[in-house]
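Worksheet: one structure, shown below.
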Amino acid sequence: MSFPTHRPRRLRRNEALRGLVRETRLSTSGLIYPMFVCPGARVRQEVSSMPGIHQQSVDQIVEECREVESLGIPGIILFGLPESKDPRGASSVSAQGVVQRAIEAIRKTKLKLLVITDVCLCGYTDHGHCGVVENGEVSNDSTVTILAQQALSHARAGADIVAPSDMMDGRVGAIREMLDEHKFENVAILSYAAKYCSGFYGPFREAAQSSPQFGDRRSYQMDPANAREALKEVELDLEEGADMVMVKPALAYLDVIRRVRDAFDVPVGAYNVSGEYAMVKAAAQKGWLDEQRVVLEILTGVHRAGAEIILTYHAKDVARWLKAC
Ligand code: PBG
């Protein structure tokens with residue numbers, strides 16, 4: 001006994017009904033806006049492959065942070081373009097580094113914005129790998145030591161959350177230990193736990209000037225074909241003390257987001273990465289897609305898959321659109 005007793009269309013007749021029975025409600029309170037900080041003053045340079053996204057000096061970052069907070073977005077994640085690069089990414093741990101200075105400047109404003117920092121070496125090494133290279137390989141354990149120092153320098157500058165994105169083994173534990181040792185037990189760790197070796201990071205590497213100068217990241221980032229391995233990575237990061245975990249990229253990994261959500265009782269994030277942003281922007285500019293509609297559909301899908309936190313370059317637009325609905 002189905003039709004005519006059951007008529008699912010009854011609940012789709014108008015917006016009030018559709019709103020009432022809506023299962024997934026995208027909200028600004030789960031969004032994080034990524035930002036790129038560079039040296040200098042009054043610098044605001046648009047990234048050509050990411051329309052609307054800029055490399056900015058600290059003063060400009062602070063201005064945009066005011067806007068981000070006024071839109072109701074709870075936090076930002078900072079990426080640094082340092083003054084100088086070297087084989088070990090030394091500028092990444094400096095108290096005078098771009099990210100560290102940006103955090104301090106944001107803190108001085110008394111904004112309530114959560115300041116998250118990306119912890120990695122790829123933007124700071126001259127070879128562009130996420131770790132130090134020894135004997136032709138990205139060395140895990142020496143990298144972990146530097147990452148822990150970097151996370152500490154971010155905490156000292158006033159970061160609320162550190163987010164290691166390098167995919168070295170054991171870095172979450174090393175960072176937790178370093179933070180605790182220096183009385184930063186309240187600084188949280190959002191781990192890029194399942195980060196895939198993805199072609200969708202292309203535009204980011206222009207934005208962060210972080211392309212590897214030789215080889216690729218396959219020896220540390222995950223194989224896109226693996227989902228069970230993601231659960232293992234998440235499990236290990238949680239054991240080591242991660243407070244929240246992230247899957248990255250988002251769109252091609254919705255199944256992974258769902259599996260992580262179902263398997264663990266911690267907040268789960270997803271990174272709607274640069275290539276995902278660039279595809280939508282490019283098609284919208286050509287008039288091939290309705291940008292607002294498609295972005296809300298994509299982010300609703302990521303949220304429905306199980307991510308309650310979404311890092312996205314669309315965050316400011318989405319906040320405006322959600323306010324208007
Ligand atoms: C650094 C890092 C990357 C991204 C975030 N952190 C790039 C990479 O691994 O090459 C990508 C973000 C994006 O594409 O938006 N390791």
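The helices (runs of 4 or more DSSP H) located wholly in region 197-294 that include 1 or more residues which are within 16 Å of the ligand (Cβ to nearest atom) and open to solvent by 70 Å² or more (accessible area, probe 1.4 Å) occupy 202-207, 274-285. Take the conditions (1) at pLDDT 95 or above; (2) of a type in the set (Gly, Ala, Ser); (3) surrounded by fewer than 22 Cβ atoms within 10 Å (Cβ to Cβ); residue 305 misses just one of them, which is (3). Somewhere in region 37-47, is a residue in contact with a His (Cβ under 6 Å, 6 or more places away or on another chain) and within 16 Å of the ligand (Cβ to nearest atom)? Among the residues of region 37-47, at least one is in contact with a His (Cβ under 6 Å, 6 or more places away or on another chain) and within 16 Å of the ligand (Cβ to nearest atom), which makes the answer yes. State the number of residues belonging to region 145-171 that are within 13 Å of the ligand (Cβ to nearest atom) and assigned to a loop (DSSP other than H, G, I, E, B). Adding up the residues that qualify gives 4. So is residue 128 more than 11 Å from the ligand (Cβ to nearest atom) and more than 23 Å from residue 251 (Cα to Cα) or not? Answer is no for this residue.
A Cβ distance below 8 Å, combined with a sequence gap of six or more or placement on separate chains, defines the contacts here; from region 41-70, residues that are open to solvent by 50 Å² or more (accessible area, probe 1.4 Å) reach residues that are in a helix (DSSP H, G or I) and modelled with pLDDT under 95 in the pairs 48/206.
The values are calculated or read from the model by the stated rules, or taken from the named source; none is laboratory data. Only a predicted model underlies this, so the values are computations on that prediction, with no experimental measurement involved. No Cβ is skipped: glycine too gets one built from the backbone with ideal geometry, and neighbour counts run over all protein chains shown. Surface areas here come from the heavy atoms of the whole protein model, side chains and all, with no ligands, DNA or RNA. Shrake-Rupley method; radii C 1.70, N 1.55, O 1.52, S 1.80 Å.
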